Amino acid sequence: MTDISSDILALTTTLKMAAITTVILLLLGTPLAWYLAKWQSRLKVFFEAIVALPIVLPPTVLGFYLLLAFSPTSLPGQIWQSATGNQLAFSFSAIVIGSVLYSLPFVVQPLQKAFEQLGDQHLEAAAMLGAGPIDRFFSIVLPLTKASFVTATALGFAHTVGEFGIVLMIGGNIPGETRVLSIALFDHVEAFNYANAHWLSAGLLMSSLLLLSWVYFLGNNFNKKQHRSISP
Amino acid sequence: MSTNSVLKNSSQQSPNSALPCAIEFNSKPTLAKLHLDFSLAFDSFTIEVKQSLSISAIIGIYGDSGSGKSTLLRVVAGLEQRAMGQVSLNDTQLQNSADNAFIKPEKRHIGLVFQDSRLFPHLSVYQNLAYGAKRQKNRQLTIEKVLSLTHLSEMQHQNVTQLSGGEKQRVSIARALLAEPELLLLDEPFSALDKTTKSQMLTILKDIQQQLQLPMLYVSHSLSELQYIADQLIVVNHGQISTAKTIHQAIHDLNSQGESSPKTSLSLTVAEHLPAYGLTRLALPTAQSPEQSIYLPILEQQKSQHLIGQQLPCIIYARDISISTTKEEHSSIVNHLPATITAIQYSKTNALVTLDIGLQQFYAQISLWSAKRMALVTQASVYLQFKANAVHSYHFTEPTINA
């Protein structure tokens, strides 16, 4: 396999992993952020700390524990194997699960902050007009916090694209399955293949910069609108 | 009268067919029976309420800030799930902590207008109104009808964030009406508005109540506002609530309980407008002769016959009424009325004199020095006097509402 085609394969694997991870993160992170925003208990700080752990922990620490958990000899690995018939460690599913945990704070934190700022006022008003909880989420919460959803989606996606340590620990380096861009880059550097390394690095750098600029641009715009609409 | 006789006739002719039809057309609730028996503990105090209310028009709820009056509304609305005890509306149990029964706010058919309007900023005026209407089965009110009731037709496409305070509260009321509640709760809806706008709002709200026959509970810390809008009053004090009394009686009872600004509360009938003198004459409730009239600054310059015969709730502060033992003939003061002293209540700084004119009570606050110098005693016949502009009413006289 040529370097170019293997790099393209790594790119599609990366995008697939990041896209699936982001969808899962939004589905899990939204209710989690909601409960953290509404929950009033002293235990709350403990759960907030757990969600925030991946920000400060070396990814290899998380990766190491996940590797142990995913191995066919441990209980989670066994359950997965009996349910799907495949081994969990060194699989695409493994790096998606790892990415979900690793990028969780980048989705949960902006959403939690947005839900806390939104408060209960508009939700109470909507309830008094006959809207149930799901209805209130889609008719009030989502439109009023869409800037934070854009931020959470983009940060979750970008952070997943950029991860390295966890994938290395639990994914191995299987082309088309677990070989993602950051690992391909590492391989190029180890093989002194600096030309390809430059291409990958510059590509990742530029696309990340563009994505973040777009997010901040949208956030600014939403904020301006929101500011106009909230001030009396 | 005429609808009554039509109903009676049709029921005699065919009791099974015509009557249900007529009732269905008028099926909007005109009486809300609210049964409250609950307690709710807070850090500093506990709200305890045990009362049954029959709300036919507007019952006012009065109390200082932090007395628990807003919380009372929130419990009825279903926004305070912690409340222990029972709440029921029109024989439907809304919550009962004994068997863990709790109907969610969205299923209670109760409307709530918040002090801070809480309009949805991402929706236009029309969309805010449609929000409640869309979620309501068996609608009887159209959005257009409510837009005109609340004088909002011209601004229906505006962004709600560009509205003034009074306009926001009109949208808030309109939105609540379109959810077609059986009972409408209003939590200090106009407290942030200036006096002129407040008068407009109160006049509009009263008109809405009369047109839709919708029972309302209206919370405020302003007695004069409540006096204009409500026909009965409940007083909340440190979480304890009084029984509902007629509005004038309730306000007079507060006078003797040491209310800081005692006042006379009464409903007067508009008798005639006197444009040449700039006055409107109003008759006392039990007036026998034109002498038992009160004059106030003219209510309407144009369309001056408009209010004749209507009842107008008025307030006269006790500090604005003075007492004379003889009839003053050479004074600019317009209102002179013969009265009998029925009680004198002395405080450290002044005397509160209760006077009767027929069955109507008045309150005058005078200095201890005056009370002593004039040797006032009960049963004495005196004259009470006050200027025309000492008579306060929230009635708003401008026929059109400015946008």
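The values are calculated or read from the model by the stated rules, or taken from the named source; none is laboratory data. This structure is a prediction, so every number in the text was calculated from the model and none was measured. Methodologically, a virtual Cβ is constructed for each residue, glycine included, from the backbone with ideal geometry; neighbour enumeration extends over all protein chains shown.
Yes/no per residue for (1) touching an Asp or Glu at 6+ places or on another chain (Cβ under 7 Å); (2) among the acidic types (Asp, Glu); (3) within 27 Å of A:Leu142 (Cα to Cα); (4) in a helix (DSSP H, G or I):
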{"residue": "A:Thr12", "(1), (2), (3), (4)": "no, no, no, yes"}
{"residue": "A:Ile50", "(1), (2), (3), (4)": "no, no, yes, yes"}
{"residue": "A:Thr73", "(1), (2), (3), (4)": "no, no, no, no"}
{"residue": "A:Ser82", "(1), (2), (3), (4)": "no, no, no, yes"}
{"residue": "A:Leu88", "(1), (2), (3), (4)": "no, no, no, no"}
{"residue": "A:Ser103", "(1), (2), (3), (4)": "no, no, yes, yes"}
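So which residues in segment B:342-369 are over 30 Å from B:Ile298 (Cα atoms) and outside any helix (DSSP H, G or I), if there are any at all?
Within segment B:342-369, B:Thr342, B:Ala343, B:Ile344, B:Gln345, B:Tyr346, B:Ser347, B:Lys348, B:Thr349, B:Asn350, B:Ala351, B:Ser367 qualify.
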Odd one out for B:Leu282 among (1) in contact (Cβ under 8 Å) with a residue 12 or more places away in the chain; (2) surrounded by fewer than 20 Cβ atoms within 10 Å (Cβ to Cβ): (2)
Note: among B:Leu112, B:Leu72, just one is assigned to a strand (DSSP E or B) and either buried (at least 17 other Cβ atoms within 10 Å of the Cβ) or among the hydrophobic types (A, V, I, L, M, F, W, C) (or both), namely B:Leu112
Within segment B:118-169, can you find the residues that are closer than 24 Å to B:Lys195 by Cβ, without any contact (Cβ under 8 Å) to a residue 60 or more places away in the chain and part of a loop (DSSP other than H, G, I, E, B)? B:Arg118, B:Leu119, B:Thr150, B:Leu152, B:Leu163, B:Ser164
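A:Leu205: more than 21 Å from A:Ala114 (Cα to Cα), under 20 Å from the mean Cα position of the chain (by Cα) and free of Cβ contacts under 8 Å to residues at least 24 places away in the same chain, yes or no? I'd like the intermediate steps shown before the answer.
Values: more than 21 Å from A:Ala114 (Cα to Cα): yes; under 20 Å from the mean Cα position of the chain (by Cα): yes; free of Cβ contacts under 8 Å to residues at least 24 places away in the same chain: yes.
It is true that A:Leu205 is more than 21 Å from A:Ala114 (Cα to Cα), under 20 Å from the mean Cα position of the chain (by Cα) and free of Cβ contacts under 8 Å to residues at least 24 places away in the same chain.
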Can you find even one residue in segment A:88-107 that is at pLDDT below 95, more than 27 Å from A:Val189 (Cβ to Cβ), of a type in the set (Ser, Thr, Tyr) and surrounded by 17 or more Cβ atoms within 10 Å (Cβ to Cβ)? yes
May I ask you to verify whether A:Ser99 is within 20 Å of the chain's Cα centre (by Cα) and over 25 Å from A:Leu32 (Cα atoms)? no
Can you pull out the residues in segment B:40-68 that are surrounded by fewer than 20 Cβ atoms within 10 Å (Cβ to Cβ) and not in a strand (DSSP E or B)? B:Phe42, B:Asp43, B:Ser44, B:Phe45, B:Ser56, B:Ala57, B:Asp64, B:Ser65, B:Gly66
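Got at least one residue in segment B:228-245 being assigned to a helix (DSSP H, G or I) and farther than 25 Å from B:Glu48 by Cα?
Restricting attention to segment B:228-245, the residues satisfying the condition of being assigned to a helix (DSSP H, G or I) are B:228-229.
Remaining after also requiring farther than 25 Å from B:Glu48 by Cα: B:228-229.
Yes: segment B:228-245 contains one or more residues that are assigned to a helix (DSSP H, G or I) and farther than 25 Å from B:Glu48 by Cα.
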Anything in segment B:217-227 that is assigned to a helix (DSSP H, G or I) and farther than 12 Å from B:Phe190 by Cα? List them, or say none. B:Leu223, B:Ser224, B:Gln227
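Residue under question is B:Leu79, and the condition is that it be free of Cβ contacts under 8 Å to residues at least 40 places away in the same chain and either closer than 20 Å to B:Gln209 by Cβ or within 14 Å of another protein chain (Cβ to nearest Cβ) (or both); does it hold?
On the way: free of Cβ contacts under 8 Å to residues at least 40 places away in the same chain: yes; either closer than 20 Å to B:Gln209 by Cβ or within 14 Å of another protein chain (Cβ to nearest Cβ) (or both): yes.
Judged against the criteria, B:Leu79 is a match.
In this structure, is A:Gly162 touching a Phe, Trp or Tyr at 6+ places or on another chain (Cβ under 7 Å) and either of a type in the set (Gly, Ala, Ser) or under 30 Å from B:Ala133 (Cβ atoms) (or both)? Walk me through it before giving the result.
On the way: touching a Phe, Trp or Tyr at 6+ places or on another chain (Cβ under 7 Å): no; either of a type in the set (Gly, Ala, Ser) or under 30 Å from B:Ala133 (Cβ atoms) (or both): yes.
Taking the combined requirement at face value, the residue does not satisfy it.
Could you check segment B:115-133 and list, in sequence order, the residues that are within 11 Å of chain A (Cβ to nearest Cβ) and aromatic (Phe, Trp, Tyr)?
Filtering segment B:115-133 for residues within 11 Å of chain A (Cβ to nearest Cβ) gives B:115-123, B:127-133.
Those that are within 11 Å of chain A (Cβ to nearest Cβ) and aromatic (Phe, Trp, Tyr): B:Phe120, B:Tyr131.
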Filter segment A:117-157 down to the residues that are facing chain B (nearest Cβ under 8 Å), part of a loop (DSSP other than H, G, I, E, B) and not aliphatic (A, V, I, L, M), then identify the one that is farthest from B:Arg175 (Cα to Cα). A:Gly132
Condition check for B:Ser88: under 22 Å from B:Glu180 (Cβ atoms) and either of a type in the set (Phe, Trp, Tyr) or in a loop (DSSP other than H, G, I, E, B) (or both): no
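Within segment A:159-180, can one find any residue that is on the phi > 0 side of the Ramachandran plot and within 14 Å of chain B (Cβ to nearest Cβ)? Full working, then the answer.
Filtering segment A:159-180 for residues on the phi > 0 side of the Ramachandran plot gives A:172, A:176.
Now restrict to residues that are within 14 Å of chain B (Cβ to nearest Cβ): none.
No, the conditions are met nowhere in segment A:159-180.
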In this structure, is A:Pro72 over 25 Å from A:Gln112 (Cβ atoms), touching a helix residue (DSSP H, G or I) at 6+ places or on another chain (Cβ under 7 Å) and exposed (fewer than 15 other Cβ atoms within 10 Å of the Cβ)? yes
Would you mention how many residues in segment B:169-210 are at pLDDT below 90 and over 21 Å from B:Leu233 (Cα atoms)? 7
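Could you tell me whether any residue of segment B:82-102 is surrounded by 20 or more Cβ atoms within 10 Å (Cβ to Cβ), within 13 Å of chain A (Cβ to nearest Cβ) and not acidic (Asp, Glu)? Break it down stepwise before answering.
Initial filter on segment B:82-102 (surrounded by 20 or more Cβ atoms within 10 Å (Cβ to Cβ)): B:83, B:87, B:89, B:94-95.
From what is left, the residues that are within 13 Å of chain A (Cβ to nearest Cβ) are none.
No: zero hits.
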Failed item, numbered, when B:Glu106 is tested on (1) within 7 Å of another protein chain (Cβ to nearest Cβ); (2) without any contact (Cβ under 8 Å) to a residue 40 or more places away in the chain; (3) part of a loop (DSSP other than H, G, I, E, B): (3)
What are the pairs with Cβ atoms under 6 angstrom where one residue, in segment B:214-232, is under 9 Å from B:Ile58 (Cα atoms) and the other, located anywhere, is assigned to a loop (DSSP other than H, G, I, E, B)? Sequence gap at least six, or different chains. B:Tyr218/B:Ala230; B:Asp231/B:Ala57; B:Gln232/B:Ala244
Matching residues in segment B:154-185 - criterion: being within 11 Å of another protein chain (Cβ to nearest Cβ) and farther than 22 Å from B:Gln209 by Cβ: B:Asn159, B:Val160, B:Thr161, B:Gln162, B:Leu163, B:Ser164
Name the single residue, out of those in segment A:158-179 being touching a Pro at 6+ places or on another chain (Cβ under 9 Å) and part of a loop (DSSP other than H, G, I, E, B), that is surrounded by the fewest Cβ atoms within 10 Å (Cβ to Cβ). A:Phe164
All positions within segment B:121-147 that are among the small types (Gly, Ala, Ser) and closer than 17 Å to B:Leu214 by Cα: B:Gly132, B:Ala133
From (1) closer than 25 Å to B:Ser261 by Cα; (2) buried (at least 23 other Cβ atoms within 10 Å of the Cβ), pick out the condition that doesn't hold for B:Asp187. (2)
Any chance segment B:58-76 includes a residue that's of a type in the set (D, E, K, R) and over 21 Å from the mean Cα position of the chain (by Cα)? no
Going residue by residue through segment B:134-151, is there one that turns out to be within 22 Å of A:Arg136 (Cβ to Cβ), of a type in the set (A, V, I, L, M, F, W, C) and within 12 Å of chain A (Cβ to nearest Cβ)? no
